[in-house]
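The structure appears below as structure tokens.
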Amino acid sequence: MLGIIYALGAASSWTYACYLWRQQTKYFYASQINIIKNVIALVIFSPLILTFNFQSSFKEILILLLSGVIGIAVGDTFYIISLKILGTRRTLTVEALSPIIASILGSLFLDEILSFKVWLGTIIVSISLIGVALQKTENNQGIISNLEKFKGFSFAFLSVLCAVIAATLSRIVLLNSDLNTFQTTEIRLLGSIIALAPFIKVNLINSIKKLPFKNRLRLLSATFLGTNIGILLQQNVFKILPIGLGWILLSASPVIALFFASSEGEKLNWKTLMLTMTTILGIIIVFL
């Protein structure tokens, strides 16, 4: 039950953060937003660095640093690019593929065998979310072109692939070491900063200073919710639940994103709402 609460909490935090981050794409490139949010998140959790035993956990720390590079530095950059092109709901919808990818990786690398009903629920969730992705919805700029849609979904898919690989690496460490979820979160953030450090420039700092106070506050709120709280809750999910099972719940983000659809200028149709209901049905089947 605790794993379910953590997963739904992570999905909610991440969805709202994505909505706020998308608003910042007017002022920054995707890589810049990723740098800003990761630096802020690293600073917030910085006291945890003092709790690491680098010598005894050297191998595990290296794996987590790699997880941070793949999942946060690379994956989140792809994600924010997709957010700018597709919007919050459509980008999150590509997570339809994540439960299947996660289940396959869990079987291959963690010997996690899922029951028939879990696979059935996974397939229902995935098909439903893919159906949502294919629905034509209009935004304030009109219908997105096929080329832009292809680019957006390509970046979203790459981000999901990075996220699932990073999650698998995290679960390996959480199952085989004494590092807690707070520590693993900070190490992953550190890995992302190491990867993104070469892209930190003076003009980025000046751009932040020129940002209106309200936008700075939104950026800080999005970082705390989506990066600090979101990743921390994710780490707890990866520790408690099998990787495939955890991602089924984490992929509930598109359902939550419906609450922000109207504020982004999207008009939902009855097919989208029906597919959302089948998504929920698939999740219920998994946990019956």
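Just so you know, all these numbers are worked out from the coordinates, no wet-lab data involved. Just so you know, these numbers come straight off a predicted model, no measurement behind them. Positions of Cβ are backbone-derived with ideal geometry, glycine not excepted, and every protein chain shown enters the neighbour counts.
Exceeding 23 Å between C-alpha atoms, which entries from my cross-link table qualify? They are K151/K201; K117/K151; K37/K201; K151/K210.
Numbers: K151/K201 27 Å; K117/K151 34 Å; K37/K201 15 Å; K151/K210 30 Å.
With Cα atoms farther than 23 Å apart: K151/K201; K117/K151; K151/K210.
Taking 0.36 nm per residue of sequence separation and subtracting the Cα-Cα distance, how much length would be gained by fully extending the chain between K151 and Y27, in nm to one decimal? Don't jump to the answer; show the numbers that get you there.
On the way: separation 124, 0.36 × 124 = 44.64 nm, distance 2.08 nm.
Taking K151 through Y27 to full extension adds about 42.6 nm, to one decimal.
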request  = Would you list which lysines come within 20 Å of K59, measuring only between C-alpha atoms, while excluding same-chain residues fewer than 8 positions from it?
outcome  = K239
query = If you average 1/r over every pair of different alpha-carbon atoms in the range 1-93 and take one over that average, what Kirkwood value in Å do you get?
reply = 15.0
Surrounding net charge for I80, when Lys and Arg each add one and Asp and Glu each subtract one, Cβ distance under 13 Å = +3
Stretchable slack from L108 to F52, in nm (0.36 nm times residue separation minus alpha-carbon distance) = 17.2 nm
task = Within 10 Å, count the other beta carbons around each residue, average over each peptide in 221-230, 158-167, and list them highest first.
result = 158-167, 221-230
query = Which of the lysines could be linked to K149 by a straight reach, that is with a Cα gap under 25 Å, when you skip same-chain ones fewer than 8 residues away?
reply = K26, K84, K136, K267, K271
